[in-house]
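Enquirer: To start, I am sharing the structure in question, which I have written as structure tokens.
Values quoted throughout were computed directly from the atomic coordinates according to the rules given, and no laboratory measurement underlies them. Here the structure is a predicted model, which is why all the values come from computation and not from measurement. Cβ placement follows ideal geometry from the backbone for every residue including glycine, while neighbour counts extend to all protein chains displayed.
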């Protein structure tokens, strides 16, 4: 009997500890379930569109670009996501793997939902509608909830800054994530990201193991 693959996504604002937790989760799952194939991935990806995005995100030009540039950025995120699904996520799930993605389509809706304010009506829902016909819905999404002011303090030690690392911007993004979580309470699980890294990872592991075990 084939084992159903699982798609688990980690979401939240910059500085919420997702990437650190993802590495811990990957290591622990491989130890606990060596028989299951595990894929740890992230968006933006290392594909062509992802490389362009990572370069742009490292340019601290804020969000004051023209409407056409903002739309271009949105569709770069969508192109990168489509490539991610076709090249890695879809095939891995078909093979029964557990796929853990550090950011996914919800991040695009939350972040670009802020940059597109005033350009399209209700940007978060507009983006979700564009994704709807072709996206793969995660089986579980962990929302790493953290006060944006605390997240910004955590990021002060980073050598490389991203253009989205601004307090008011992150507050708006955080609200968008909460809106998304309220729309799909069965998929989203809140993780208290204000605690220390080990405790945050432990919370995440507990939720993931519960979901994985329920799929057997």
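Enquirer: Ordered by packing density, taken as the mean number of other Cβ atoms within 10 Å over each peptide's residues, highest first, how do 82-88, 28-34 rank?
Expert: Values: 82-88: 16.6, 28-34: 13.1.
In decreasing order of mean packing, 82-88, 28-34 become 82-88, 28-34.
Enquirer: Does anyone have the angle between helix 105-115 and the longest principal axis of the chain? Alpha-carbon axes, 0 to 90°, nearest 10?
Expert: 10 degrees
Enquirer: Ranking request for peptides 4-16, 127-139, 168-180, 42-54: highest mean number of other beta-carbon atoms within 10 Å first, then the rest in descending order.
Expert: On the way: 4-16: 23.3, 127-139: 15.4, 168-180: 19.2, 42-54: 17.2.
Result, highest mean first: 4-16, 168-180, 42-54, 127-139.
Enquirer: What percent do you get for the relative contact order of region 6-214 when only Cα pairs under 8 Å and 6+ apart count? If you can, show how the numbers build up before the last one.
Expert: Details: 304 pairs, mean separation 73.6, N = 209.
Averaging sequence separation for qualifying contacts and normalising by length gives 35 percent for region 6-214.
Enquirer: I'd like the orientation of helix 48-57 relative to the chain: the angle between its Cα long axis and the longest Cα principal axis, in ° from 0 to 90, rounded to 10.
Expert: Roughly 50 degrees, rounded to the nearest 10.
Enquirer: Something else about it: Once you put a point 7 Å from the Cα of residue 134 and another 7 Å from the Cα of residue 119, both along the Cβ direction, what distance in nm separates them?
Expert: Output for this residue pair reads 1.9 nm.
Enquirer: Peptides 206-215, 17-26, 109-118, 144-153: what's the order by average Cβ count within 10 Å, highest mean first? Before the final figure, lay out the partial values.
Expert: Working: 206-215: 14.1, 17-26: 19.9, 109-118: 22.0, 144-153: 18.2.
In descending order of packing, they fall as 109-118, 17-26, 144-153, 206-215.
Enquirer: Any idea what angle helix 18-32 forms with the longest principal axis of the chain, computed on alpha-carbon atoms, 0 to 90 degrees, nearest 10?
Expert: Helix 18-32 and the main axis of the chain meet at about 10 degrees.
Enquirer: Take residue 66 and residue 195, extend 7 Å from each Cα along the Cα→Cβ direction, and tell me the distance between the two endpoints in nm.
Expert: My value for the distance between the label points is 4.9 nm.
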